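The values are calculated or read from the model by the stated rules, or taken from the named source; none is laboratory data. Everything numeric here is computed off the predicted structure, so don't read it as measured data. We place every Cβ from the backbone using ideal geometry, glycine too, and count neighbours over all the protein chains shown. Just so you know, the surface numbers come from the protein's heavy atoms only, side chains and all, with ligands and any DNA or RNA stripped out. Shrake-Rupley method; radii C 1.70, N 1.55, O 1.52, S 1.80 Å.
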Amino acid sequence: MQPSLEKLRKFFRLEHENKYQNTAIIGGLAKMLDYWEGEARADGITEEVIQAVVSRLRSYEKISPDGRAESLKGLWKRIGDTYPEAGQKPKQAQPQQTQQQPRPQQQQQRQQTPPPVQEEKPEGQQSQQPRPAPQPQQSQPQQQQRQQAPRQNPPPRSEAVVGAKHSQTPAALSAALTVLQGVGPRNAESLEKLGLQTLGDMLYYFPRRYEDYSQLKPIQSLMYNDVVTVLGTVQSVHTRPIRGGKSSVIEVIIGDGTGSLRISYFNQPWLSNRFKEGDAISVSGKIDQYLGRLVMNSPDWEPVEVENLHTNRIVPIYSLTERITQKWLRGQMNSVITYWAPAVVDALPETIRRAAQLVSLGEALTQVHFPDSQARLKLARERLGFDEIFYLQMGVMRQKRDWKSVDGRRFPVSDEWLVARLGTLPFTLTSAQLTSLDDIRKDLDSGKPMNRLVQGDVGSGKTVVAALGANIVISGGAQAAIMAPTSILAEQHYRNFINLLAGDGGTMSQSEIRLLVGNTTESEKEAIRQGLQDGSIKIVIGTHAVIEPDVLFKDLQFVVIDEQHRFGVEQRAELRSKGTNPHLLVMTATPIPRSLALTVFGDLDISVIDVMPEGRQPITTFVLRPQERERAYTLIRGQVKNGNQAFIVYPLIDESEKIDARAAVDDFETLSKQVYPDLKLGLLHGRMKPAEKDEVMLKFRDKEFDILVSTTVIEVGVDVPNSTVMLIEGADRFGLAQLHQLRGRVGRGSVQSTCLLIPTREDATENERLQAMATTNSGFELADLDLKLRGPGEFLGTRQAGYATTLKMASITDVKLIEKAREQAQALFERDPELSQPEHALLAEAFERFWTGKGDVS
Ligand code: ADP
Ligand code: MG
């Protein structure tokens, strides 16, 4: 084995013995890269392997010990693919999973693939001509490798050149920021607070926004409120005291031949000797007015002979932290971008770039920081957004394939059995429910683990579909677990499951279905743990309580997660890990536009329940002006008189915030004392303890309150069929999805329900979102509209924990781009799912970097 690999192996073993605490090397494993990379090159290790090692180890410290174990195992496996002699030795470094489930296809491909052509030092990056084929005077191991590998499809030349260039860039980009002039340990520490540790981080630290100072204007044509850059010569500089000498102001008059302009700086006396009469300066900022004359207050400025960086252009504005100024950071950014952005290697294959009409990565990184024009900025953002979606999509597709690569237990049921089950339900399933159930039934009998999302509007009846899925698995002798985000919801599901599965004609008994929430008594908890372990309990329904370590199952095969967006990746994974490759069903009531569903949930199969149960009266929605509030109150009173209940929802808890919105706590006083002194009102808000919230909610459900005054905490799936009015105050402050979710709390019974929307200000009654609410009851239609009005950002965030936070650019671009990226990713995935073809080597590394440490996305 080559000495560099031997060294690696030693450290990996040591690290394994140290339980992956990143202590095998003082300062962490990444430290070894400083010298290892050079040694490995000297050993003739292929660039692909070197880069794999570099990219994994660089992120090593950021991941959890479990992830680290996986990472090192995976890495060693990868090294073993290219250097079989390395792959065999250390037993503990062998990836266990892969031993159990070899991926024959992948291994075969790897063997056929010739190692990437090792180029000599790139001389001159401009050389686009074909380079001479590598000569066999390179180091021994290299040569042997190449002779062994059948050269079926040599890598295209141009890519090989890029590959060589690449071999230099990443190392440099991972250099610490202290290599920059003006960045010492102190500044580096501050920058680290912004997540910036390396030059590469800097490239991807995008501006928060921009000021467009690119519009130069002669002084004569300036107007009040203009945001401009003015070029002029300093005519005079005066400092004068103000506020009785406590402060001072510097007034500089500049002229440009068409007129003169006064600029002022308050309390910055040191500036006075920076301005010299006769100097040409450029100032950028907003034109203000003072005593009837146009002035500029504290504009950005710089002498004109230096290349304009802070003025006279579209200026990037970065998020800052203490001890770092905008100007300083911009200056540092500029040196990093100018030097490194053009040198960055573009991992995206030329073919894809051309097909998707994208600018190069270097151009994109340059322009996103220091745009030459709005048009080039737009192209830059498109390119960067494309990358995010592209890698995301590659990741979810791989996830899906991995998921399908293991076996799932089969749970077949006969038509007769299913028909009998359906016959015992208190209602007939809608066509959409039947289709979803059929999808689930097929999944359960496919031999692969189900990984399905059921998407359906509030009240569309997802619970019964989940219950029947569980029933199929129970009938096959296994167990099911259902996890809901709140104990109220868990309890609601519990009662539903009992009704649906353990009622007349049901196949289960009540004691086989149990509720496990935070305040379940200790003795009941113990009984549940026992029953789950010995298999006498078949279904457990609960909150986070079901993923506690001491909850163990005899044979968990079906896992349901309700309101999936409320759970983190780890929690979902934890529940799943309580069984062996169990079937997974996740449910969400947040409709995602179809055009985005495949991007956001690309790793899941999707069933949509887009039909409401029969007999459901559509909710009538009205937008009222604030002055019409009395009408709303009267309507509520009428409904309560009929024995129904009402919600009044507020965007805020109290009026501590500046925003002029009515607040729950304050209005609760007025409502209960003045408006409805004769009715029973409950109050619910986010500052209450979970137990208090539950209590109020339960009292409302049990009709102890006529009206529930609340903030948005009632949002999630609670079913109170007796409530028929929903009044939403400050409605213009809510997003469409949220309004729709809130509205879904009513209209769950057979009585006609009403939703009343009152915006904060009268002119907001024309608000497009509110009007849309009044026009349709369909969550999918509203989601499509929301996408048009606000762009994809909101929806891409739906997955939350997992990866959405890394989508910096995609969320502000448009759906067309997202679809384009997805199509390209899909096409590529079909051609080369492992990215093992040599022309995709760079892409494989970039992909790795994008995903490292992010883990499971389900
Ligand atoms: P969600 O999709 O919001 O979770 P639920 O499963 O809570 O909806 O169902 C809402 C209500 O509709 C429940 O009271 C449930 O019993 C009822 N329901 C579900 N399916 C049907 C159906 N096919 N016909 C009539 N009522 C139904
Ligand atoms: Mg539900």
**Prompt:** So how do 599-609, 399-409 stack up, highest first, on mean other-Cβ count within 10 Å?
**Reply:** 599-609, 399-409
**Request:** Could you work out how far apart the two model spin labels at THR620 and SER247 are, taking each label as a point 7 Å from the Cα in the direction of the beta carbon, and quote it in nm?
**Result:** 5.8
**Request:** Please state the charge dipole magnitude for the range 420-513, taken about the Cα centre, from unit charges on C-beta atoms (+1 on K and R, -1 on D and E), reported in debye and rounded to the nearest 20.
**Result:** 120
**Calculated log₁₀ intensity ratio I(q)/I(0) where the Debye formula runs over C-alpha points of the range 737-796, q = 0.24, 0.25 Å⁻¹** = -1.09, -1.15
**Request:** Return the sequence-ordered ³J(HN,Hα) values of the range 323-331 in whole Hz as given by the Karplus equation 6.51 cos²θ - 1.76 cosθ + 1.60 applied to θ = phi - 60°, using x for Gly and Pro.
**Result:** 6, 10, 9, 4, 5, 5, 4, 4, x
**Asked** Using unit Cβ charges (K, R positive; D, E negative) and no other charged atoms, how large, in debye to the nearest 20, is the dipole of the range 263-391 about its Cα centre?
**Response** 220
**Asked** If you keep only loop residues by DSSP, which trypsin sites (Lys or Arg not before Pro) in the range 190-259 have at most 12 other Cβ atoms within 10 Å of their Cβ?
**Response** ARG208, ARG243, LYS246
**Message:** Run the numbers for LYS378 and ASP415: contour at 0.36 nm per residue of separation, minus the present Cα-Cα distance, in nm.
**Reply:** 7.7 nm
**Fill in**
Taking R0 as 60 Å and r as the Cβ-Cβ distance between GLN752 and SER260, the FRET efficiency 1/(1 + (r/R0)^6), rounded to the nearest 0.05, comes to 0.30
**Message:** Give me the extension gain from SER523 to LEU698: residue separation times 0.36 nm, minus the current Cα-Cα distance, reported in nm with one decimal.
**Reply:** 60.7 nm
**Request:** Please compute the net charge surrounding GLY477, taking Lys and Arg as +1 and Asp and Glu as -1 over other residues with Cβ under 11 Å from its Cβ.
**Result:** +2
**Fill in**
Restricting to aspartates and glutamates and to Cα separations under 14 Å from LYS788, and discarding same-chain partners fewer than 8 apart, the set is GLU768, ASP814
**Message:** With a cut-off of 8 Å between alpha carbons and a minimum separation of six or more residues, what is the relative contact order of the range 439-543 in percent?
**Reply:** 30
**Request:** Please find the FRET efficiency linking PHE11 to ALA172, where r is the Cβ-Cβ separation and R0 is fixed at 22 Å, and quote it to the nearest 0.05.
**Result:** 0.40
**Message:** Less than 12 Å Cβ to Cβ from GLY423, Lys/Arg counted +1 and Asp/Glu -1: what total charge do the surrounding residues give?
**Reply:** -1
**Prompt:** GLU548 to GLU61: FRET efficiency via 1/(1 + (r/R0)^6), r the Cβ-Cβ distance, R0 45 Å, to the nearest 0.05?
**Reply:** 0.95
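For the range 364-445, just say rounded, prolate or oblate: build the C-alpha gyration tensor, square-root its eigenvalues into a ≥ b ≥ c, call rounded for a/c under 1.5, and beyond that prolate if a/b exceeds b/c, oblate if not. Before the final figure, lay out the partial values.
Details: a/c = 8.34, a/b = 2.72, b/c = 3.07.
Note, shape of the range 364-445 comes out oblate.
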**Message:** Test of understanding: what is the full-extension gain from ALA827 to ARG354, defined as 0.36 nm times their sequence separation minus their Cα-Cα distance?
**Reply:** 168.8 nm
**Asked** Residue by residue, what Karplus-based ³J(HN,Hα) values in Hz, rounded to whole numbers, does the range 382-397 have, using 6.51, -1.76 and 1.60 with θ = phi - 60° and x for Gly and Pro?
**Response** 4, 4, 5, x, 4, 4, 4, 5, 4, 5, 4, 5, 4, x, 5, 5
**Dipole of the range 1-83, positive direction: furthest Cα of THR46, GLY74, ASN18, with charges on the beta-carbon** = ASN18
**Prompt:** What ranking do 677-686, 286-295 get when scored by the average of other Cβ atoms within 10 Å per residue, highest first?
**Reply:** 677-686, 286-295
**Fill in**
For the range 558-638, the Cα convex hull volume per residue in Å³ comes to 193
**Message:** Considering only C-alpha atoms, what is the centroid distance from the range 570-598 to the range 230-264, in Å?
**Reply:** 62
**Message:** Compute, for the range 233-332, the length of the dipole vector about the Cα centre, with Cβ point charges of +1 (Lys, Arg) and -1 (Asp, Glu) only. Units Debye, rounded to 20.
**Reply:** 420
**Between the range 758-793 and the range 447-472, the Cα center-to-center distance that results, in Å** = 29
**Asked** Relative contact order for the range 465-598: what is it in percent, counting Cα pairs under 8 Å that are at least 6 residues apart?
**Response** 29
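Probe of 1.4 angstrom, ligands and nucleic acids ignored: what's the accessible area per residue over the range 436-560, in square angstrom?
32
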